[in-house]
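I am attaching a structure below and will ask some questions about it afterwards.
All of the numbers you see were taken from the coordinates with simple rules; none came from a lab. Just so it is clear, the structure is predicted and the values come from calculations on it, not from any experiment. Counting neighbours? That spans all protein chains shown, and the Cβs are built from the backbone with ideal geometry, glycine included.
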Amino acid sequence: AKFPVSFILGQGTVIPGIESRVDGMKVGEEWTATLQPEEAFGEWHKEKVIMVPVPRHPTSNEVVEDQMPNVGDMVHLSDNSIGKVLSITDEAIEIDTNHTFAGKPLEVQLRLYEVDEDPETEWTGVKVQSIEAGDGKTFPQVGDEVSVHYVGMLASDGKVFDSSRAR
């Protein structure tokens, strides 16, 4: 990355192995380490490989082709998880919902560039920017279904990695 990544220590917004090693470092200090899966993205779990039915039309039972993924595709599931399509049969789609790096040790190099002991805001992992004001009358409540547009950009360089408007 061209720019350092910033996070608030102790909020769990980075993998545990990085957060635990940054705690107590001095500005300018560097380290290289091999992080075991439990310090990174966790162990790989067989039970996170799931089978879902092939999408079919409710009356004709024909496969709904425009809803069929391809092997290797990343798919969003109804429980908001993401998985990689491993295989497809006539009846089911096999999806691995483990993190891509689950079960893998990671080599990490880190240098602490700066410490802000009084950050202005608490980092929540999401930066919200209102582009157009709402009607000021309608406010969603817990349990309401809402529809939104979003654009996901890398904080480091503004590069768009996902957008609901592009679909």
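Out of GLU19, GLU47, which single residue is out of contact with any strand residue (DSSP E or B) (no Cβ under 9 Å at 6 or more places or on another chain), exposed (fewer than 12 other Cβ atoms within 10 Å of the Cβ), acidic (Asp, Glu) and outside any strand (DSSP E or B)? It would help to see each step written out before you state the result.
Values: GLU19 fails: exposed (fewer than 12 other Cβ atoms within 10 Å of the Cβ).
Selected residue: GLU47, the only one of GLU19, GLU47 that is out of contact with any strand residue (DSSP E or B) (no Cβ under 9 Å at 6 or more places or on another chain), exposed (fewer than 12 other Cβ atoms within 10 Å of the Cβ), acidic (Asp, Glu) and outside any strand (DSSP E or B).
In the stretch 22-44, how many residues are surrounded by 11 or more Cβ atoms within 10 Å (Cβ to Cβ) and either within 16 Å of the chain's Cα centre (by Cα) or assigned to a loop (DSSP other than H, G, I, E, B) (or both)?
Of the residues in that region, 8 qualify.
If GLU94 passes every condition in (1) under 26 Å from PHE7 (Cβ atoms); (2) surrounded by 11 or more Cβ atoms within 10 Å (Cβ to Cβ) but one, which one does it miss?
Only one criterion is unmet by GLU94, namely (1).
Further question: Report, by residue number, each residue of the stretch 75-97 that is touching a Gly at 6+ places or on another chain (Cβ under 8 Å) and part of a loop (DSSP other than H, G, I, E, B). Please lay out each step first, then the result.
Residues of the stretch 75-97 touching a Gly at 6+ places or on another chain (Cβ under 8 Å): 75, 77, 84-85, 95-97.
Once the filter is applied, which keeps residues that are touching a Gly at 6+ places or on another chain (Cβ under 8 Å) and part of a loop (DSSP other than H, G, I, E, B), the stretch 75-97 yields LEU77, THR97.
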